[in-house]
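J.: One structure coming up, written as structure tokens, with questions to follow.
The values are calculated or read from the model by the stated rules, or taken from the named source; none is laboratory data. Computed from a predicted structure; not experimentally measured. Every residue, glycine among them, receives a Cβ derived from its backbone with ideal geometry; neighbour counts consider all protein chains shown.
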Amino acid sequence: MKFKVFIDGAEGTTGLQLKTRLSAHGEVTLLDIDPEKRKDEAERSRLMNESDVTFLCLPDAAAKEAVGLCENPNTVIIDASTAHRTAPGWAYGFSELGDTFRRNIAEGKRIANPGCHATGFIAAVYPLIKLGIAPKSYPFTCHSVTGYSGGGKKMIAQYEDAGRDIEFSSPRQYGLGLKHKHLPEMQAVTGIDRPPIFNPIVADFYSGMAVSVPLYTGLLDKKLTPDELISELSEFYRGCPLISVTGAPESGFLPANEVQKTCRLILHVMGNGEQITLCSVFDNLGKGASGAAVQNMNIALGLPDTAYLEEGDKLL
């Protein structure tokens with residue numbers, strides 16, 4: 001018997017990606033809502049309560065309201081918005097961070113899907129803190145280059161408009177006031193003393209992202225070479241099928257779309273004995289959004305992490 005799944009907000013970028021992924025998932029049946037009733041609270045509530053899993057692909061305020069529509073204690077809610085990522089009682093959906101994270105996802109009924117930029121930063125920094133390599137007081141900086149699909153339908157339309165302004169052909173930094181919706185989870189999950197100085201940049205490619213964290217080895221509690229850090233991080237992520245650790249590409253260039261259209265995350269460790277850059281490369285629509293959401297659903301339902309996230313030996 002297949003699990004019943006409902007997507008509340010299936011018309012947005014993440015919702016559409018989820019619908020595509022779940023339509024090919026052999027263990028689930030999608031509960032579709034009549035397009036004319038997609039804002040009807042009674043109909044949404046009915047489908048949420050009928051489902052085994054409901055995904056919320058809504059703005060933050062709407063996601064908070066939607067949780068109240070579900071009265072079935074057995075329904076798992078996976079929220080793709082920012083609304084519950086630091087909320088008490090919600091599991092943070094990044095199972096690779098350790099047994100506690102995985103257990104909370106597997107046993108909990110409320111799961112917050114991580115933000116895309118936050119995924120890259122946390123993948124690099126959480127192990128540094130957990131392993132005692134970096135102090136919580138380290139002054140972290142984060143530079144993140146993302147494809148324009150991360151901005152949703154409006155931004156996609158701007159970039160794909162034939163008459164667009166020339167500025168869209170150039171990488172564009174935003175969050176110029178050094179405030180960003182991902183900062184609270186970046187600090188809370190890693191446990192660092194202050195949020196990083198964060199420089200998000202959107203560029204003229206559809207999907208993929210490269211999230212870089214530069215380090216002075218002299219400010220670390222353990223001064224490691226890049227090879228030694230690769231070894232430490234590889235051991236931390238041992239047994240995690242979606243995350244791998246490696247060094248700098250032989251080409252001397254690191255593309256942000258290296259694993260586009262997959263659910264993989266590759267953590268590159270580059271530099272020398274004095275300065276190291278950690279760079280998480282993944283797809284903002286994959287491990288950064290809908291792919292991670294399906295992975296969390298799989299764990300919550302007792303399925304393998306990569307169930308129906310792979311085709312042959314290629315992770316989608």
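J.: Going residue by residue through the range 237-260, is there one that turns out to be charged (D, E, K, R) and in contact (Cβ under 8 Å) with a residue 12 or more places away in the chain?
T.: Among the residues of the range 237-260, at least one is charged (D, E, K, R) and in contact (Cβ under 8 Å) with a residue 12 or more places away in the chain, which makes the answer yes.
J.: Looking at (1) part of a loop (DSSP other than H, G, I, E, B); (2) surrounded by fewer than 23 Cβ atoms within 10 Å (Cβ to Cβ), which one does ALA63 not meet, given that it meets all the others?
T.: Condition (1) is where ALA63 drops out.
J.: Separate question: With respect to VAL53, is the statement that it is touching a residue at least 60 places away in the same chain (Cβ under 8 Å) and more than 18 Å from LYS153 (Cα to Cα) true?
T.: yes
J.: Quick check, is THR14 surrounded by 14 or more Cβ atoms within 10 Å (Cβ to Cβ) and more than 18 Å from PRO114 (Cα to Cα)?
T.: no
J.: So which of GLN295, GLN260, GLN275 ends up being over 30 Å from TRP90 (Cβ atoms) and in contact with a Ser or Thr (Cβ under 9 Å, 6 or more places away or on another chain)?
T.: Result: GLN275 is the single residue among GLN295, GLN260, GLN275 that is over 30 Å from TRP90 (Cβ atoms) and in contact with a Ser or Thr (Cβ under 9 Å, 6 or more places away or on another chain).
J.: Counting only residues that are out of contact with any Gly (no Cβ under 9 Å at 6 or more places or on another chain) and among the β-branched types (Val, Ile, Thr), how many does the range 142-168 have?
T.: Counting residues in the range 142-168 that are out of contact with any Gly (no Cβ under 9 Å at 6 or more places or on another chain) and among the β-branched types (Val, Ile, Thr) gives 2.
J.: Tell me, which strands (runs of 3 or more DSSP E) lie completely within the range 170-266 with 3 or more residues that are surrounded by fewer than 20 Cβ atoms within 10 Å (Cβ to Cβ)?
T.: 197-203
J.: May I pose another question? Could you check the range 137-160 and list, in sequence order, the residues that are among the aliphatic types (A, V, I, L, M) and closer than 30 Å to GLY218 by Cα?
T.: Passing the criteria: only VAL145.
J.: Still on this structure: In this structure, does THR13 turn out to be in contact with a Lys or Arg (Cβ under 8 Å, 6 or more places away or on another chain), among the hydroxyl-bearing types (Ser, Thr, Tyr) and outside the structural domain of TYR206 (by TED's automatic domain parsing)?
T.: yes
J.: Output the number of the condition that LEU285 fails; it satisfies all remaining conditions of (1) of a type in the set (A, V, I, L, M, F, W, C); (2) more than 15 Å from the chain's Cα centre (by Cα); (3) surrounded by 15 or more Cβ atoms within 10 Å (Cβ to Cβ).
T.: It is condition (2) that LEU285 fails.
J.: Of everything in the range 276-295 that's aliphatic (A, V, I, L, M) and assigned to a strand (DSSP E or B), which residue is farthest from THR262 (Cα to Cα)?
T.: ILE276
J.: Something else now. I need a count of the residues in the range 71-106 that are in a helix (DSSP H, G or I) and free of Cβ contacts under 8 Å to residues at least 12 places away in the same chain.
T.: 4
J.: Now a separate question. What's the number of the only condition in (1) at pLDDT 95 or above; (2) outside the structural domain of ALA10 (by TED's automatic domain parsing) that VAL294 fails to meet?
T.: The single condition VAL294 does not satisfy is (2).
J.: Moving on to the next point. Might you let me know whether the range 77-93 holds any residue that is touching a His at 6+ places or on another chain (Cβ under 8 Å), at pLDDT 95 or above, among the aliphatic types (A, V, I, L, M) and closer than 29 Å to ALA188 by Cα?
T.: no
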